Amino acid sequence: MMLTSSQRADALPARATPSASRPGETASVSLADPALRGKIEPALFKRLVTATADETLPIVVEMLAQADVSAAAAHLPDRIAAGTLVVESLRTTAENSQRGVRTFLAAEESAGRASSVRPLWIVNAVAARAASQTIAQLAARPDVALVRADRWRQWINVKSQISNLQETDSAFYPSHSVLRSLISSPQSLFEWGIGKIRADEVWAAFGITGTGVIVANMDTGVDWLHPALAGNYRGCIKSLCQHTTSWFDATDGGALYPQDGNGHGTHTMGTLAGQGGIGVAPGARWITARVLNSEGMGYDSWIHAGFQWILAPGGDPGKAPDVLSNSWGNDNGSDTTFRNDLRALRSAGILPIFSNGNKGPAGGTVGSPASLPEAFAVGATDNTDMVAYFSSRGPSPFGLIRPHVVAPGVNVRSAWPGGGYKSLNGTSMAAPHVAGVVALMLAAHPGTTLTTTAYVLTTTAVPLTMTTPNNDSGWGRVDAYAAVMAVANAGILSGTVRDADTGEPILGALVSVNGLQNASTQTDVNGRYLIGVASGVYHVSVSAFGYEAGSATVVISASYPVVRDFSLAPLPTGAVRGTITDAGTGLPITATVAAEGTPVTQIASGVYSLTLPVGVYTLRATALGYRVLTATVVITAREVTAQNLAMVPAPKILLVDSGAWYSQSEIGYFQQALDGLGYFYNTW
């Protein structure tokens, strides 16, 4: 006869709980006792009734007493003071309430019924491996709230995140030497995500790269000797290294120095703080906790231990990071396993940033911990600001908008163990972009609170839809420059650029400031501009197509905004006109005619006419079904130059690229070949 889990438990011999009669023995407790059902997690209870007497199971014993640290940071002067109070409160509560359980488990260890005991003061729990009768006795204790399984789970899967672009699949691709050369000049070149979120503009305009800020991730570890990461690892000052407060290995490996057998942790840290153009905050110093093994798997207790170390690296709350980036999670958005960990972090003034998950595009696919109210969640976008198909969407099971913001997460190139570089896809790649922006904000204004940080990140984000917030892109794509501007003691230069003859505003005029720092922006449809830089004396130059350049010297101060308007004189112009025909039939056709290197373009049918400043130009005519046609023309002031365009018929070409998402992409080879042959094509 088959027994259900409940029947098996009921069939176990019911015994009383007498005192131990012989050394090494403990009182027995029956799993059939109804009181235990509510104190043992159902999944664990089901496992217990099938376990053999000598089998030990991984568990987490949650204590009844819990410290209230939610308001710790509200009335304290800084993060270190708040963190110290939080840690002391959690430790005191754990020491006072865990004493009985730890004494009991010590005895069970001696008797061979328990092992691997790990106290966790951050959530007031004790992790261990224990026999079924030991687990039952723990659950029967009045000071224990719940005994649950210490789950062994897959948290990341790097193989599913590897970019399909052939050039960067290898950790040692041919252009590796180019990236190595950037280490000496980290602001000379940078990855596309850095430019997309305007982190490079923060470096240039304010001279802020994250200096003075400590960043951290919890992941698979970090290759601390990677050339893009070795220079700003906090554990080393020159050649003297001390890892205790900068590296923690919660896994079974127990490595004494930072290492990464997977690659995911090195990659995410590279995007957060890597030098050589790959990191958002290359001036920040980094620390890390390894909580997942080389397969991206780990016990819940490893992650609890990682959060605990982050609060007090090496036991010292004063060594805690300013921001924590997490690029891992599980698909169950309702999972609250780590909610108390996040509450402790926030109370200590540390913002926990999480990737939203890679189970999109359906709604309600956000994973945990990103779904939790205490997490700041990040989705992924590509280089066109489109939300990635895989990026998980909200709402969270708690009724919250998820993600908060989005950031670059498609084809993101970053560091890889062994000194290499690799491109990966995923919200894992997006989260460290946002954590890096927080580091820049804190470098600009160290006293920025968590509430202000979250508010600035969302309100300065670039909206990607007409309605915000939403459960695809949240409040929008993060904007590092706008976020730093909002918190920095910055000098503001603003004004309007107009046509000197007509007084009309000029759209798209380039305004550049050069001096102590450098920055640039473009005017809007009303000719207005606003730019922020550090205080100082600057040379301001303004340029727009078709106009003479303007310039001025201004003194920019953080004490007051500076307004400087510009009037640009139009350059002498002429025109080019002609017909657009089929070279074979002579019949008129519709084509796009543009002057290369200028914003001047026209879709014309049969006849075109372009007005251009005096000079030499290359006209480019394109039409589907015809080869690309180019012609050189000389524009003379107040004259019309004739240039007819006879276009040669060609096949109509649609270039379809599914490789960007589903397989290896070869679009670059086709584009190069078609361009070289002068074929015009549409791309899908």
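The values are calculated or read from the model by the stated rules, or taken from the named source; none is laboratory data. As the structure is a prediction and not an experimental result, all values here were calculated from the model. Neighbour counts run over all protein chains shown; Cβ positions are idealised from the backbone, glycine included. In case anyone asks, the SASA skips ligands and DNA or RNA and just uses the protein heavy atoms, side chains included. Shrake-Rupley method; radii C 1.70, N 1.55, O 1.52, S 1.80 Å.
Of all the criteria given as (1) touching a helix residue (DSSP H, G or I) at 6+ places or on another chain (Cβ under 6 Å); (2) buried (at least 20 other Cβ atoms within 10 Å of the Cβ), the one not satisfied by Ala439 is (1). Selection of strands (runs of 3 or more DSSP E) fully inside segment 591-684 by the criterion of at least 1 residues being hydroxyl-bearing (Ser, Thr, Tyr) and without any contact (Cβ under 8 Å) to a residue 12 or more places away in the chain returns 601-605. Filtering segment 585-597 to residues that are open to solvent by less than 30 Å² (accessible area, probe 1.4 Å) and either more than 26 Å from Gly546 (Cα to Cα) or at pLDDT below 95 (or both) leaves only Ile589. A single entry from Ala67, Ala71, Ala27 fulfils the requirement of being surrounded by fewer than 18 Cβ atoms within 10 Å (Cβ to Cβ), in contact with a helix residue (DSSP H, G or I) (Cβ under 8 Å, 6 or more places away or on another chain), closer than 30 Å to Gly349 by Cβ and at pLDDT below 95: Ala71. Just one of the listed residues (Val497, Val513, Val456) is assigned to a strand (DSSP E or B) and touching a helix residue (DSSP H, G or I) at 6+ places or on another chain (Cβ under 9 Å), and it is Val513. Picking from residues in segment 284-333 that are within 17 Å of the chain's Cα centre (by Cα) and among the small types (Gly, Ala, Ser), the one that is most open to solvent (accessible area, probe 1.4 Å) is Gly329.
Residue count for segment 208-250 under the criterion of being modelled with pLDDT of 95 or more, open to solvent by 30 Å² or more (accessible area, probe 1.4 Å) and of a type in the set (Gly, Ala, Ser): the result is 3.
Out of everything in segment 462-474 that is assigned to a strand (DSSP E or B) and touching a strand residue (DSSP E or B) at 6+ places or on another chain (Cβ under 7 Å), what residue ends up being most open to solvent (accessible area, probe 1.4 Å)? Result: Val462. Only one of the listed residues (Leu424, Leu400) is touching a residue at least 12 places away in the same chain (Cβ under 8 Å) and either acidic (Asp, Glu) or buried (at least 22 other Cβ atoms within 10 Å of the Cβ) (or both). That residue is Leu424. Of all residues in segment 338-365, those being in contact (Cβ under 8 Å) with a residue 40 or more places away in the chain and crowded, with 18+ Cβ neighbours inside 10 Å number 16. Among the residues of segment 475-487, some residue qualifies, meaning at least one is touching a strand residue (DSSP E or B) at 6+ places or on another chain (Cβ under 8 Å), open to solvent by less than 10 Å² (accessible area, probe 1.4 Å), in contact (Cβ under 8 Å) with a residue 40 or more places away in the chain and within 21 Å of Leu400 (Cβ to Cβ). Being in contact (Cβ under 8 Å) with a residue 60 or more places away in the chain and surrounded by 14 or more Cβ atoms within 10 Å (Cβ to Cβ) holds for only one residue in Leu510, Leu493, and it is Leu493.
For every residue, the table says whether it meets (1) open to solvent by 40 Å² or more (accessible area, probe 1.4 Å); (2) β-branched (Val, Ile, Thr).
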{"position": "Glu55", "(1), (2)": "yes, no"}
{"position": "Met63", "(1), (2)": "no, no"}
{"position": "Val86", "(1), (2)": "no, yes"}
{"position": "Gly112", "(1), (2)": "yes, no"}
{"position": "Ala131", "(1), (2)": "no, no"}
{"position": "Ala139", "(1), (2)": "no, no"}
{"position": "Val144", "(1), (2)": "no, yes"}
{"position": "Val147", "(1), (2)": "no, yes"}
